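Note sheet for the following structure.
The values are calculated or read from the model by the stated rules, or taken from the named source; none is laboratory data. Just so it is clear, the model here is predicted, and its values are computed rather than measured. Every residue, glycine among them, receives a Cβ derived from its backbone with ideal geometry; neighbour counts consider all protein chains shown. Calculation scope for accessible area: heavy atoms of the full protein, side chains included, ligands and nucleic acids excluded. Shrake-Rupley method; radii C 1.70, N 1.55, O 1.52, S 1.80 Å.
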There are 2 protein chains.
Amino acid sequence: MGNGYMGKILKVNLSDETVKSISTDMEIARKYLGGKGYAVRVLYDYLKSYEKQGIAPTDINPFGEENVLIFATGPATGVSGFPASGRYHVMALRSPLTNGIASSNSGGRFGPLLKFAGFDAIIIEGKSDEPVYLEITDGTAEIKSAKDLWGMNTFDTIRLLSNRIGKECSVACIGPAGENLVYFACIINEEHRAAGRTGVGAIMGSKKLKAIVVSGNRRPEIAKPEEFKEESRKALEKIKQNPVTGENLPKYGTAILVNIINNAGALPFKNWQSAYNERANEISGEILTEKYLRKRVACWGCPIGCGRATEVKEGAFKILSTEGPEYETIWALGNNTAVMDLAAIIKANHFCDELGLDTISMGATIACAMELYEKGYIKEEDLQGLDLSFGNPAAMVEAVWRTAYKSGFGKYLALGSKRLAEIFNAPDLSMSVKGLEMPAYDPRAIKGIGLNYATANRGGCHVTGYTVSLEVLGIPKKIDPLSYEDKAKYVKETQDFACVVNSTVNCLFTTFALGAKDYASLLSCVTGWNLTVEELMRIGERIYNLERLILNAYGFDSKDDTLPKRLLTEPLPDGVAKGHVVELDKMLPEYYKLRGWINGKPTEEKLKELDIP
Amino acid sequence: MGNGYMGKILKVNLSDETVKSISTDMEIARKYLGGKGYAVRVLYDYLKSYEKQGIAPTDINPFGEENVLIFATGPATGVSGFPASGRYHVMALRSPLTNGIASSNSGGRFGPLLKFAGFDAIIIEGKSDEPVYLEITDGTAEIKSAKDLWGMNTFDTIRLLSNRIGKECSVACIGPAGENLVYFACIINEEHRAAGRTGVGAIMGSKKLKAIVVSGNRRPEIAKPEEFKEESRKALEKIKQNPVTGENLPKYGTAILVNIINNAGALPFKNWQSAYNERANEISGEILTEKYLRKRVACWGCPIGCGRATEVKEGAFKILSTEGPEYETIWALGNNTAVMDLAAIIKANHFCDELGLDTISMGATIACAMELYEKGYIKEEDLQGLDLSFGNPAAMVEAVWRTAYKSGFGKYLALGSKRLAEIFNAPDLSMSVKGLEMPAYDPRAIKGIGLNYATANRGGCHVTGYTVSLEVLGIPKKIDPLSYEDKAKYVKETQDFACVVNSTVNCLFTTFALGAKDYASLLSCVTGWNLTVEELMRIGERIYNLERLILNAYGFDSKDDTLPKRLLTEPLPDGVAKGHVVELDKMLPEYYKLRGWINGKPTEEKLKELDIP
């Protein structure tokens, strides 16, 4: 009888070229579940251990051999019948983009196949001199030369390694962007699934780790198979009956949000100069479905299937056999750059997947460059012919490959919007928090997401605490997006619950249909622990606080829990929230109080309460 | 009193990191002039010296440290009043594209400035482990680190190094294509001047030599300044009066040839499937001038000024402040790929200059891939979304950057058409000779150029013996392009004279107006040698034969003096030469006889006659 875990973690040191298997620490698992939570705890231990060796947290170089990279699954990953448990979480001590903690999450099949290969997680220390990849099969692992793979795009890398393995496997890899240390390079698996944010692909690149291949025939066992069957059935039914997970996401994918968020006056346009675009429907999920959809695609074990297999059959942006784009991608590469051309967005998204770039940071950085150019900070001669005018589809697409290869002006884009705007003397034009570009929801029209952006540990991030569900979609209940009331409470709860989901590891989209109670029941059957809702939420809070401690060690505090000046001082010029800014001080003190933090730092008391060492 | 030479050659060993100055050998100069001739002689000596060390010619790896790269000027280079003497010649023992000798030529200001820096030539041995550049100023030279330049495009490299030097200078450099060892990477100076052919940029890349910067205030002195003044005046007058050099080239640039060659039924279309295109005028020099020309551009000391400063003001291929494209480029990237879009061609040409790619081989290789795709040898899945259909402008432009970065399908294009067609099982579809892609003149309609392609030492090359001047333009007299009569004689003479011009070093375009007699007069004044026409032509023949000896050492012989099967067996389907193929055996035996060659090899007797050691 099992508990959902494989019981083994693979520990790799690329400097020493050693590989060993250690036991999954069930005490840590009990307190941090798996995935993100387990990884945060392991990273915290590294931080403490480095301090003992005299390496201060602020001395940790994101591209140094002291950075530690973790691929982690959770007790639910790869468990048949646990709906949408096909994901894995990637974390690293330090992100090149934010200088904070690196954290990202991806779907597909890699997570389950890592467990089928026999491991709950991979911890990667050190860095290699020469390109390597990691081959993990049925409980064993080997570091192999990737000299012949270096320079390859993600599609070729996946195809070549899959052919070489010759049996069912999954490959997580970087493209040229990761190799070239683009600060927002991502990790790609299954060709179009991305651990996108905070530059985890660049960290792999700095370690000269081109890819990880996983395969195997092991399976996680669970504690209460019969009870689980019933809970699983109930959960699947809820997902099926829910209008978002049962209808909208399967039918339109995440792009259904384009019109919804635009109508809420919250769809940032032209680098957040406004948040309503009367032409938004041209790049909506409805048009995507009508014109470009080939078929639905689902991650391993997912009953929702929000993925889109798409194609552009003709024209300058012709691209056959691709996937996506997601809502945030359409926004970043399209609405935010004023490129109202879905074909161009699909092509640019394809390039991002092929070359290994985070679509949100890519689009947001292009949009930032466009505003810098529009306002005269970037001169025409700086661009060497790349016409970064708002609304230029060809330049937007060209900017993507230029970034991956740091070609021409791409060398600036490759640094992300924060450094780009600093270099061109207009730092306020970077629409980022803690260096991470914010995604597709303007908090001037959705106040709660603003508090979340400001306080999210990894920076400008929506999935850290997706209050949009409550504030716009009305799930599980509708609250007023423009009100500040109780937003602190909702943000905290949402953030803590997201920690649970990312540590389970499961897809956040299930939370449209499933609450903490469902998670407690499902996880109890898998682990045999009889988890209560309170305990589960306490685990989430513990993870969030421990992650915050790491940030604090790097020097982040309340001064960093803020938003770009534009959101605080420039009223929205149009849309339903016209005239609004974000009054952060109407939410942040309450949030800190609820969190038990002072100046953005957990108090001793809070840490004790959460049983954090 | 001087002789046109600076008297010094810079010898650099990148393996040992040594730099020394040796004297220009005036005995060699007397027999081989300078530029190409001098370089061929030096390379031949290396070959002999390697053989003594036990390194067979066929063991020489184009990317090995045994390859030797030479930048050479001639007695005319940088001499004021010697019309169009702003060029330099690049040669190397072995080309990655052809495995024969590498040879290329470029204009701009680099040649003169190399002499003003105090040197007639640079000989580069060995290879560096780390990226370096060479800084040559006023008789001194230094190898400097180029770590911060590696990855940069040619424009940035030139701008950065020029700023660093802070005085008038010229930079010859490679872009990403050269760094990535694309087999037809070129060397770029003055942003849009290219030593384009036979992959000399890849050789620089293999040596980790990013750039050479030259500057200085020295000047070549000449033997008979007063007499030279008079000869110079006469030569300039002839250039001015000549319809090609005085009218067409200045007004329309080389692109004037698009309609002329198309009307001659000799403009290859769709990878040479035909040679007449009724839409050719859409990409002609006349349209270029009308729609895209900003102003004329001239190389150092040139009275012709065939260069084009151009721009595409709007649309998907918008590009401000660029130059070109030349006739051969328009053909290769446009007519040959059936892309009838001058804006797309201008953009692709800009990418080639920026990234460091030979436009002829680039376009010809794309066209080859398009035919391989059209005929089903390349499958859609091989292309990963790059729609290489004939006539697709966006795919043509995308193929260019993909080649430079070996991105996706670009990794195949980067090998050139010969290897591409071999890999995809249709070797006959590579329209190349000795591995070098043929340029824009179909020999089925211009027989002499066919014999020249077949016998040109560097492979499928027009400038080795540009009989088009006689056969189509009627300069200095008109001969029938479809006749085989006397073509052997004209080809031999044209090839020998081109050797003289490339060793002078001067621009071949002067030969529309100036003959061997003019060259003999001008060079006599410069060198003080009283050169006769006969002696000059003998020098040309000597150079051609010595170059051929090197080819023979690599195993090239009469079996390689041929043309692609298509030209020998597929009659032209349309145009004025409809029904024609090339009957090489009506010219080749006579050519060999005139050359004194047997089986494509100079006889002992011939070598003795030419005083070749």
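Going by the conditions given, is B:LEU181 modelled with pLDDT of 95 or more, of a type in the set (A, V, I, L, M) and crowded, with 24+ Cβ neighbours inside 10 Å? Judged against the criteria, B:LEU181 is not a match.
Looking only at the stretch B:354-375, residues that are more than 30 Å from B:THR157 (Cα to Cα) and either open to solvent by 10 Å² or more (accessible area, probe 1.4 Å) or within 14 Å of chain A (Cβ to nearest Cβ) (or both) come to 3 in all. Every listed requirement among (1) assigned to a helix (DSSP H, G or I); (2) open to solvent by 70 Å² or more (accessible area, probe 1.4 Å); (3) closer than 21 Å to A:ASN502 by Cβ is met by A:ASN552 save one, (2). Of the residues making up the stretch A:175-188, those that are within 14 Å of chain B (Cβ to nearest Cβ) and of a type in the set (Val, Ile, Thr) are A:VAL182, A:ILE188. Considering the conditions (1) open to solvent by 30 Å² or more (accessible area, probe 1.4 Å); (2) under 20 Å from the mean Cα position of the chain (by Cα); (3) within 14 Å of chain B (Cβ to nearest Cβ); (4) not hydroxyl-bearing (Ser, Thr, Tyr), A:HIS192 is excluded by exactly one of them, (1).
Number of residues in the stretch A:292-313 that are away from every other protein chain (no Cβ under 14 Å) and either touching a helix residue (DSSP H, G or I) at 6+ places or on another chain (Cβ under 9 Å) or hydrophobic (A, V, I, L, M, F, W, C) (or both): the value is 14. Within the stretch A:393-403, restricting attention to residues that are touching a residue at least 24 places away in the same chain (Cβ under 8 Å) and facing chain B (nearest Cβ under 8 Å), which residue is least open to solvent (accessible area, probe 1.4 Å)? So, considering only residues that are touching a residue at least 24 places away in the same chain (Cβ under 8 Å) and facing chain B (nearest Cβ under 8 Å), the one least open to solvent (accessible area, probe 1.4 Å) is A:TRP401. Yes or no: the stretch B:314-329 includes at least one residue that is open to solvent by 40 Å² or more (accessible area, probe 1.4 Å) and more than 14 Å from every other protein chain (Cβ to nearest Cβ). Yes, the stretch B:314-329 contains a residue that is open to solvent by 40 Å² or more (accessible area, probe 1.4 Å) and more than 14 Å from every other protein chain (Cβ to nearest Cβ). Restricting attention to the stretch B:152-170, and to residues there that are of a type in the set (Lys, Arg) and more than 10 Å from chain A (Cβ to nearest Cβ), which single residue is surrounded by the most Cβ atoms within 10 Å (Cβ to Cβ)? Among residues in the stretch B:152-170 that are of a type in the set (Lys, Arg) and more than 10 Å from chain A (Cβ to nearest Cβ), the one surrounded by the most Cβ atoms within 10 Å (Cβ to Cβ) is B:ARG164. The single residue among A:ILE203, A:ILE239 that is open to solvent by less than 30 Å² (accessible area, probe 1.4 Å), touching a residue at least 40 places away in the same chain (Cβ under 8 Å), closer than 23 Å to A:VAL12 by Cβ and assigned to a helix (DSSP H, G or I) turns out to be A:ILE203. Kindly evaluate B:GLU314 against the criterion of being at pLDDT below 95, closer than 22 Å to B:MET396 by Cα and of a type in the set (D, E, K, R). When the stated conditions are applied, B:GLU314 passes them.
Taking residues in the stretch B:601-613 that are open to solvent by 100 Å² or more (accessible area, probe 1.4 Å), and partners anywhere that are of a type in the set (D, E, K, R) and at pLDDT 95 or above, not one pair has Cβ atoms closer than 8 Å while being at least 6 places apart or on different chains.
Please tell me if A:LEU149 is more than 30 Å from A:ASP45 (Cα to Cα), more than 14 Å from chain B (Cβ to nearest Cβ), crowded, with 19+ Cβ neighbours inside 10 Å and in contact (Cβ under 8 Å) with a residue 12 or more places away in the chain. It is false that A:LEU149 is more than 30 Å from A:ASP45 (Cα to Cα), more than 14 Å from chain B (Cβ to nearest Cβ), crowded, with 19+ Cβ neighbours inside 10 Å and in contact (Cβ under 8 Å) with a residue 12 or more places away in the chain.
For the stretch A:455-469, give me each residue that is of a type in the set (A, V, I, L, M, F, W, C) and open to solvent by 20 Å² or more (accessible area, probe 1.4 Å). The one that is of a type in the set (A, V, I, L, M, F, W, C) and open to solvent by 20 Å² or more (accessible area, probe 1.4 Å): A:VAL463. Here the condition is being of a type in the set (Val, Ile, Thr), in contact with a helix residue (DSSP H, G or I) (Cβ under 8 Å, 6 or more places away or on another chain), outside any helix (DSSP H, G or I) and buried (at least 17 other Cβ atoms within 10 Å of the Cβ); of A:VAL90, A:VAL40, A:VAL19, it holds for A:VAL90 alone. Residues in the stretch B:50-87 that are farther than 12 Å from B:ASN506 by Cα, outside any loop (DSSP other than H, G, I, E, B) and hydrophobic (A, V, I, L, M, F, W, C): B:LEU69, B:ILE70, B:PHE71.
Among the residues of the stretch A:22-37, those identified as outside any loop (DSSP other than H, G, I, E, B) and either open to solvent by less than 20 Å² (accessible area, probe 1.4 Å) or in contact with a helix residue (DSSP H, G or I) (Cβ under 7 Å, 6 or more places away or on another chain) (or both) are A:ILE28, A:ALA29, A:LYS31, A:TYR32, A:GLY35, A:LYS36, A:GLY37. Scanning for something away from chain B (no Cβ under 14 Å), farther than 30 Å from A:GLU485 by Cα and over 27 Å from the mean Cα position of the chain (by Cα), does the stretch A:412-424 turn up at least one residue? Checking the stretch A:412-424: at least one residue is away from chain B (no Cβ under 14 Å), farther than 30 Å from A:GLU485 by Cα and over 27 Å from the mean Cα position of the chain (by Cα).
Here is a check on your reading of the model: is B:PHE351 open to solvent by 10 Å² or more (accessible area, probe 1.4 Å) and within 11 Å of chain A (Cβ to nearest Cβ)?
So B:PHE351 does not fit the description; no.
Count of the stretch B:468-482 residues, restricted to those that are in contact with a Lys or Arg (Cβ under 7 Å, 6 or more places away or on another chain) and in a loop (DSSP other than H, G, I, E, B), is 2. Among the numbered conditions (1) open to solvent by less than 20 Å² (accessible area, probe 1.4 Å); (2) within 30 Å of A:TRP150 (Cα to Cα); (3) touching a residue at least 40 places away in the same chain (Cβ under 8 Å), the only one that A:ARG419 does not meet is (1).
Say we look at the stretch B:1-16 and pick out the residues that are part of a loop (DSSP other than H, G, I, E, B) and at pLDDT 95 or above; which of these is farthest from B:LYS207 (Cα to Cα)? My answer is B:ASN3. Does B:ASP129 meet the test of being over 23 Å from B:THR504 (Cα atoms), open to solvent by 20 Å² or more (accessible area, probe 1.4 Å) and within 14 Å of chain A (Cβ to nearest Cβ)? Judged against the criteria, B:ASP129 is a match. Within the stretch B:263-285, residues that are among the aromatic types (Phe, Trp, Tyr) have Cβ atoms under 6 Å from residues that are assigned to a loop (DSSP other than H, G, I, E, B) in these pairs: B:PHE269/B:ASN277; B:TRP272/B:MET431; B:TYR276/B:GLY265; B:TYR276/B:ASP574; B:TYR276/B:GLY575, counting only partners at least 6 apart in sequence or on another chain.
Just checking, which of B:LEU47, B:LEU10, B:LEU14 is surrounded by 18 or more Cβ atoms within 10 Å (Cβ to Cβ), over 18 Å from the mean Cα position of the chain (by Cα) and within 23 Å of B:ASP611 (Cα to Cα)?
B:LEU47
When A:ILE378 is tested against (1) assigned to a helix (DSSP H, G or I); (2) more than 11 Å from chain B (Cβ to nearest Cβ); (3) over 21 Å from the mean Cα position of the chain (by Cα), exactly one condition is not met: (1). On the given criteria, is A:SER284 surrounded by fewer than 17 Cβ atoms within 10 Å (Cβ to Cβ), under 17 Å from A:ALA348 (Cα atoms) and either away from every other protein chain (no Cβ under 14 Å) or more than 21 Å from the chain's Cα centre (by Cα) (or both)? No, not satisfied.
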